[in-house]
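Notes to accompany the following structure.
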Amino acid sequence: MINVIVLILSNQTLLASVLAWFLAQTIKAVVLTVKQRKFNFNLYALPGGFPSSHSATVSAMACSVGLSYGFDSGLFAIAVVFAFFIIYDARVIRGAAGKQAQSLNKIIESLNLKETKDLVKLKEVLGHSLFEISCGAIIGIACSLFFYN
């Protein structure tokens, strides 16, 4: 059992990915704490915002796989395709869901019914801008390079 733990803790790709996620979420939590003037551990689980922890995590994974197995390997190709779909989802799909949430919130607000007072407002910031994705990718690549130098 201890051998398995040692193997997991020596997996540079996993460590770089987890570090990238943690750094991106910590930066996001700090930015939101400054804006809201209040810290909350739930900030570590929020989707959207600056920087993208999705792009940080998968960029760290893809870069680490490339550094470990070669940028011409099949594993690197799989990691890049996986990263592309995760980043695409963070930008386009969740961005569209955020716009839908915004529209629904406006519709509910415009109805001005008593029953709507108990409804919880939907979170409108779900996706990421290209800037947030790019910053996340830079964090991810930096984390993978940290473990391979």
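The values are calculated or read from the model by the stated rules, or taken from the named source; none is laboratory data. As the structure is a computational prediction, the values presented were derived from the model and not from experiment. No Cβ is skipped: glycine too gets one built from the backbone with ideal geometry, and neighbour counts run over all protein chains shown.
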| query | In this structure, does PHE50 turn out to be part of a loop (DSSP other than H, G, I, E, B), at negative phi and surrounded by 13 or more Cβ atoms within 10 Å (Cβ to Cβ)? | reply | yes
| query | Can you tell me which of SER68, SER64, SER17 is hydroxyl-bearing (Ser, Thr, Tyr), modelled with pLDDT of 90 or more, closer than 18 Å to ILE133 by Cβ and in contact with a helix residue (DSSP H, G or I) (Cβ under 8 Å, 6 or more places away or on another chain)? | reply | SER17
| task | Could you please tell me which pairs satisfy a Cβ distance under 6 Å, a separation of 6+ or placement on different chains, a first residue in segment 127-149 that is within 18 Å of LEU15 (Cβ to Cβ), and a second residue that is modelled with pLDDT under 90 and aliphatic (A, V, I, L, M)? | result | none
| task | For residues that are part of a loop (DSSP other than H, G, I, E, B) and small (Gly, Ala, Ser), scanning just segment 53-77, find the one that is surrounded by the fewest Cβ atoms within 10 Å (Cβ to Cβ). | result | GLY70
| said: Take the conditions modelled with pLDDT of 95 or more, farther than 19 Å from LEU15 by Cα and assigned to a helix (DSSP H, G or I) and apply them to VAL92. Does it pass? | reply: no
| field | Criterion: modelled with pLDDT of 75 or more and of a type in the set (Gly, Ala, Ser) - qualifying residue of GLY140, GLY127 | value | GLY140
| query | Which ones in segment 24-40 are in contact (Cβ under 8 Å) with a residue 12 or more places away in the chain and hydrophobic (A, V, I, L, M, F, W, C)? | reply | ALA24, ILE27, ALA29, VAL31, LEU32
| note | Taking segment 10-41 and keeping only residues that are over 25 Å from ALA137 (Cβ atoms) and assigned to a helix (DSSP H, G or I), one is left with GLN36, PHE41
